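Below is one structure, written out as structure tokens; the observations come after it.
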Amino acid sequence: MDNIRESLLKQSAATRKDRFGRYISLAALLLIVVVVLSIFWFVASKGLATFFANKVNLWDFLTGTKWAPGQKDANGHPFVGAAPMIVGSFLVTLISALIATPFAIGTAVFMTEISPKRGAKILGPVTELLVGIPSVVYGFIGLSVIVPVMRHLFGGSGFGILAGAMVLFVMILPTVTSMTVDTLKSVPRHYRESSLALGATRWQMIYKVILRAATPGILTAVVFGMARAFGEALAVQMVVGNAALMPQNLTSPAATLTSVLTQGIGNTVMGSLENNALWSLALILLLMSLVFNSVIRAIAKKGAM
Amino acid sequence: MAEKILTTENVRLYYGEKEALHGINLDYDKFGITALIGPSGSGKSTYLRALNRMHDLTDNVTVNGTFLFKGQDIYAPSTDTVELRKDIGMVFQQPNPFPFSIYDNVAFGMRISGEKNKAVLDEMVETSLKQAAIWNEVKDDLHKSALSLSGGQQQRVSIARALATSPEILLLDEPTAALDPVSAHAVENTLMQLRDKLTMIIVTHSMAQASRISDRTAFFMNGDLIEANDTKKMFLDPDKKETQDYISGRFG
């Protein structure tokens with residue numbers, strides 16, 4: 001009797017292990033949370049210092065078109081207009097996503113619906129490989145192939161938004177494609193069977209049923225690609241021209257938030273206005289990635305309904 | 001002799017090297033319900049899917065034999081599977097409406113054949129939903145997602161969707177197997193109402209269902225057709241001992 005009583009009151013080894021495992025995962029989670037929060041705190045405190053410590057007007061910062069933090073205008077205000085970079089970042093992102101989406105959908109449809117065998121054997125590994133290529137390689141190819149082509153086609157130096165968008169298009173294509181492939185694969189088989197059983201041709205099945213059922217997933221893939229394009233720094237910096245000017249056309253030298261950041265952050269003194277202004281750009285990047293994230297979540301939620 | 005709308009002769013089907021159907025001979029009168037019964041793995045669903053060439057979608061399947069739909073060879077190279085499947089519709093075991101509105105689901109078949117006239121679509125959607133005995137339940141929210149309906153309603157929408165292409169034959173692969181008894185009953189009633197206008201071939205595991213709704217019954221076992229007869233005769237006085245054993249539950 002006492003044995004039973006004792007074993008009921010005492011924790012078993014299994015329970016202790018179970019609790020131990022739970023603590024380990026909880027600790028890992030907490031660590032991640034702390035890291036993320038610290039990043040936010042750090043970027044925000046530095047980025048907001050531009051407005052609080054250096055008294056830059058937020059509106060001037062967002063809409064000003066002259067970026068020269070070291071210089072001051074007649075009224076003694078520093079030139080910290082971030083609009084050219086914000087516009088540049090959005091333009092390269094949108095253009096690259098616009099070009100990448102049809103290609104990604106086409107490739108994904110080929111890989112899942114038209115030729116699944118060849119798709120799985122050849123195209124699958126190829127797209128995975130493309131994801132793994134370092135961005136400096138993409139940038140270098142952009143520099144030695146795309147920029148000269150742009151120069152030849154449109155004149156000027158060849159550096160600019162369009163060159164940046166073309167490089168980003170190639171960079172985000174594999175991401176968008178492989179996510180679209182996953183989405184198409186998750187469309188239930190019975191949608192295919194029942195649409196064919198209703199007398200649909202294969203093409204009608206693809207674009208009237210499968211793509212329609214997969215729309216939320218495809219949108220998620222595109223936004224994911226846009227998030228990647230928005231945050232990509234090195235490859236863009238190599239081809240965009242790095243002139244913090246309002247882009248006059250798509251082939252004139254321009255800049256993005258990331259390209260200005262990578263160029264400037266090593267050449268400024270911590271705590272100076274020049275440095276703080278760069279952190280403000282980083283804060284915009286961070287907020288934008290939050291926006292992309294929430295959009296993805298919102299789409300996923302809507303798609304699940 | 002009533003007019004035969006569909007005849008199948010010496011149907012042999014292979015999965016790779018393995019023969020799954022060993023020469024089935026079966027034909028169907030115009031209108032009425034034929035039930036295909038038999039244990040799992042007996043080949044009845046496999047046979048059913050051969051009738052509108054659904055096996056074309058699967059690699060490695062070879063279908064031999066003669067299939068004549070109104071005298072026309074179903075497996076002839078010149079046969080247009082798209083047209084064929086409009087004439088020989090199919091309803092599956094799982095209720096599987098597309099993730100669209102009820103209206104778009106039912107209109108799907110007509111839209112893919114190029115019908116754009118709103119009035120024609122409206123009328124056909126209404127007729128089909130009425131034929132499938134679900135009009136009264138959904139008429140007020142035709143633009144609601146079909147996925148928000150109950151399983152039984154979804155299955156009747158699937159039937160309406162198949163009816164909307166005006167098929168002459170409707171193949172039903174265990175249409176009530178995934179439904180609760182009440183929904184199953186509603187679907188059965190739907191089929192009964194259609195028996196004068198449509199030829200239906202239904203695969204079912206429920207002996208009671210076969211005896212309730214079908215005019216003729218065919219018993220499959222291990223890829224062979226054991227017996228096909230009038231349902232009454234089949235259930236009261238079958239010719240073959242295997243049929244008797246299966247129907248009375250003394251099987252295996």
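Numbers at a glance
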{"item": "From the C-alpha gyration tensor of the range B:1-131, square roots of 5λ in Å", "result": "30, 17, 16"}
{"item": "Equivalent ellipsoid semi-axes, chain A, via Cα gyration tensor eigenvalues times 5, rooted, Å", "result": "41, 35, 17"}
{"item": "Gaussian network model of chain A, springs between alpha carbon atoms under 10 Å - residue of A:118, A:228, A:189 with greatest fluctuation", "result": "A:189"}
{"item": "Surface share of carbon and sulfur [accessible, 1.4 angstrom probe, percent] for the range A:151-303", "result": "65"}
{"item": "Relative contact order %, chain A, counting alpha carbon pairs below 8 Å whose residues are six or more apart", "result": "25"}
{"item": "Gyration tensor verdict on the range B:142-252 (Cα atoms; rounded if a/c is under 1.5, prolate if a/b is larger than b/c, oblate otherwise)", "result": "prolate"}
{"item": "Relative contact order of the range B:4-248, pairs being alpha-carbon contacts under 8 Å that are 6 or more residues apart, as %", "result": "28"}
{"item": "Residue-count net charge about residue B:155 - beta-carbon cut-off 12 Å; Lys, Arg +1, Asp, Glu -1", "result": "-2"}
{"item": "Residue-averaged 222 nm ellipticity for the protein assembly as shown, from DSSP H runs of 4+ at -39500 (n - 2.57), nearest 500", "result": "-16500 deg cm²/dmol"}
{"item": "Loop trypsin sites (Lys or Arg not before Pro), the range B:165-240, which have at most 16 other Cβ atoms in a 10 Å radius of their Cβ (DSSP)", "result": "B:195, B:197, B:240"}
{"item": "DSSP-assigned coil residues among trypsin sites (Lys or Arg not before Pro) in the range A:8-47, each with at most 16 further Cβ atoms within 10 Å", "result": "A:10"}
{"item": "Rg over Rh [alpha-carbon atoms, Kirkwood Rh] for the protein assembly as shown", "result": "1.14"}
{"item": "Average beta carbon contacts from partner chains per residue of B:86-98, 10 Å cutoff", "result": "4"}
{"item": "Span-like helix ranges in chain A, DSSP H, alpha carbon extent 18 angstrom or more, Kyte mean at least 0.0", "result": "A:13-52, A:83-109, A:161-185, A:215-231, A:273-304"}
{"item": "Equivalent ellipsoid dimensions for the range B:4-248 as semi-axes, Å, which come from the Cα gyration tensor, largest first", "result": "30, 22, 15"}
{"item": "Shielding by partners - mean other protein chain Cβ count within 10 Å, residues of A:200-211", "result": "3"}
{"item": "Trypsin sites (Lys or Arg not before Pro) lying in DSSP loop within the range B:6-70, provided at most 14 other Cβ fall within 10 Å", "result": "B:30, B:70"}
{"item": "Nitroxide proxy distance, nm - points 7 Å out along Cα→Cβ at residue A:234 and residue A:249", "result": "3.3"}
{"item": "GNM result for chain A, Cα springs below 10 Å: residue of A:131, A:291, A:36 fluctuating most strongly", "result": "A:36"}
{"item": "Longest segment of chain B lacking GluC sites (Glu not before Pro) that sit in a DSSP loop with at most 13 other Cβ atoms within 10 Å", "result": "B:18-252"}
{"item": "Computed E for residue B:196/residue B:64 - FRET, C-beta separation, R0 35 angstrom, nearest 0.05", "result": "0.55"}
{"item": "Kirkwood-Stokes translational diffusion coefficient of the range A:156-305, alpha-carbon pairs, 4 °C, 1.567 mPa s, µm²/s", "result": "72"}
{"item": "Computed E for residue A:90/residue A:14 - FRET, C-beta separation, R0 51 angstrom, nearest 0.05", "result": "0.40"}
{"item": "At least 27 Å along the helix axis (C-alpha) and Kyte average at least -1.0, DSSP helices within chain B", "result": "none"}
{"item": "Distance between modelled label sites at residue B:56 and residue A:186, nm, 7 Å Cα→Cβ extension", "result": "3.1"}
{"item": "Top of A:27, A:163, A:13 by mean-square fluctuation, Gaussian network on chain A, Cα under 10 Å", "result": "A:13"}
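The values are calculated or read from the model by the stated rules, or taken from the named source; none is laboratory data. Note that the structure is predicted; figures quoted are calculated from it, not measured. Here Cβ is always computed from backbone atoms with ideal geometry, including for glycine, and neighbour counts include all displayed protein chains. The area values use the complete protein model at the heavy-atom level, side chains included, leaving out ligands, DNA and RNA. Shrake-Rupley method; radii C 1.70, N 1.55, O 1.52, S 1.80 Å.
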